[in-house]
Each structure stands twice: as structure tokens, then as C-alpha cells.
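No lab work stands behind these numbers, since they all come straight from the coordinates. Predicted, not measured: the structure shown is a model, and the values here were computed from it. Using ideal geometry, Cβ is built from the backbone for each residue, glycine included, and neighbour counts are taken over all protein chains shown.
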Amino acid sequence: MSEQGPKPATDWRRIGLIAAVTLVPGGFLLGAALAMRRMQARAEAAVNEAEAAPNDKA
């Protein structure tokens, strides 16, 4: 018998979210709001990373 690793878990939250965004009337608003939140979080992280990095140009 072969040894196999654990079966990858199904991400039901992501599946449900995709279903809601594509199938529910007005789901595009939910998708847009979630995309905006993700973009803002990434921009904030980039600013924080830039501020934390030492300035070696001097």
C-alpha cells in the first residue's frame, strides 16, 4: 500500500464566496467591496514595509 499525504481540505468559504458573487443578485457589489478591501490592505502593507525598510541611498 502506498503512503499518501492527507487529502487537501476543500476551502468551502472561498467556494461559497465565489458562488455568492456570481449567482446572487447584487453579488458584484459584494465582490467589488471585497476587492477594494484587499487592495487597500495590500497598499497599506506596502507603505508600512517601505517605512520599515532602512534608507540606504545616503
³J(HN,Hα) computed for each position of the stretch 37-46 - Karplus, 6.51 cos²θ - 1.76 cosθ + 1.60, integer Hz, glycine/proline x: 4, 5, 5, 5, 5, 5, 5, 4, 5, 5
Per-peptide average of other Cβ atoms within 10 Å, ordering 40-53, 20-33 highest first: 20-33, 40-53
